Each structure stands twice: as C-alpha cells, then as structure tokens.
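This report refers to the structure that appears directly beneath it.
The values are calculated or read from the model by the stated rules, or taken from the named source; none is laboratory data. Note that this is a predicted model, so its numbers are computed, not measured. So basically every Cβ, Gly included, is an ideal-geometry build from the backbone, and we count neighbours across all protein chains shown.
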Amino acid sequence: MVRPMTLDALASSFGGESMAHMRYVLFADKAEQEGFPNVARLFRAIAYAERVHANNHFNALSELKGDLKVVAGATFGPGNTSKNLELAIMGEEYEVAEMYPAYIAIAELQGERRAVTSFKWALEAEKIHAELFRRAKEYVDRGEDYPLDGKVWICPVCGHTHVGPEPPERCPVCGAPGERYVGY
C-alpha cells in the first residue's frame, strides 16, 4: 500500500492534472474563438499531456480503495487568451518549482518508486509546457498567432511534449518509440 504522504501527493497531483486538462480544453476553445488556431492546438495538445499525467498518477494509486479529499492548487480566473496563457504559465511554473520537486522528495524518502517515476515524468513535461506557453503569450500579446513549426507531439506514456514536423525517434524521458506519439 502506498504510504500516506505519497498517497496525498499522488491524489493531489491527480486532481491538479485533471483540472489542468479541463482548463486547457476550455482555454483552447477561447483561443479558437479569438482567432488563435495554433494557440488552441497547443492548449489541446498540452491538455492531452496533462491527461497522461493524471492517468499515471491515478494508476499509481491502484491499490487504493476508498474516498480521498483532494487538495490541489489550480489557477482560476479565465479570460481572454493572453490571460489564459498567463494562468497556464503560473500553473506550470508552480509544478516545476514547487510541487513536483517536493512530491518527488517525499516519494523517494518513502521508497515509492512508481510515484517517483510518475512525478518525474510529469515534471519534465511541465518544464516544456511552461516554455511553450511563455512563447505563445509573447505572440498573442502582439495580436499574432503562435507560429508552430509542425505538430505538437505528445508521448502517451509520460506526456513528453515535442514540437516539430515529426515526433522524436524515441521519447527522451521514458524511451517510448516515436510512432506512439500523438500529434496535434
């Protein structure tokens, strides 16, 4: 059975990633309405990556049977695409600087290898997401759509995110073959 502190971290991560998934789907709709189709595509792709993270955290809880209260940080206050990108950046930066490093430390201390892997995979993707959202916001703030070079590729195993004409040959995070990547 997963130890209590790691259990809390997994449950909170599941809740946070689930909310990020839904927020990004809604943010994509707003970007589409405002004439930013590439930003909408970016939000949809990263929404899928957040779903992958939530799935990994959920699967690490497979031994659990019962109710949990989930305390998960989330940025709220939807608005136009620029504001939504700012909220996304805030959320991703929190996960990179605060949440996942702390959760990894807890899981490592408690010897919870499955949780460590799930948290580390998510952390690597969140670093990329924060940077992509920062770049997209620079364009949107100038009234321009984000010029994506190809597709946004998501590893369905760990959520690694890659932008380009083709996915990587192998996922640099989990080693999954490139042909498994999902393109947006």
For segment 13-34, name all the residues that are within 11 Å of LEU61 (Cβ to Cβ) and more than 12 Å from the chain's Cα centre (by Cα).
-> none
Qualifying positions in segment 146-161 - crowded, with 20+ Cβ neighbours inside 10 Å and either out of contact with any helix residue (DSSP H, G or I) (no Cβ under 6 Å at 6 or more places or on another chain) or of a type in the set (Asp, Glu) (or both) = TRP153, CYS155
Set PRO167, PRO147: member being outside any strand (DSSP E or B) and farther than 23 Å from LYS30 by Cα = PRO167
Counting only residues that are buried (at least 20 other Cβ atoms within 10 Å of the Cβ) and part of a helix (DSSP H, G or I), segment 49-72 contains a total of 8
Residue that is touching a Cys at 6+ places or on another chain (Cβ under 9 Å), part of a helix (DSSP H, G or I) and either crowded, with 20+ Cβ neighbours inside 10 Å or at pLDDT below 95 (or both), where the choices are ALA122, ALA107, ALA136, ALA115 = ALA122
Count - residues of segment 23-39 that are part of a helix (DSSP H, G or I), in contact (Cβ under 8 Å) with a residue 12 or more places away in the chain and surrounded by fewer than 24 Cβ atoms within 10 Å (Cβ to Cβ) = 6
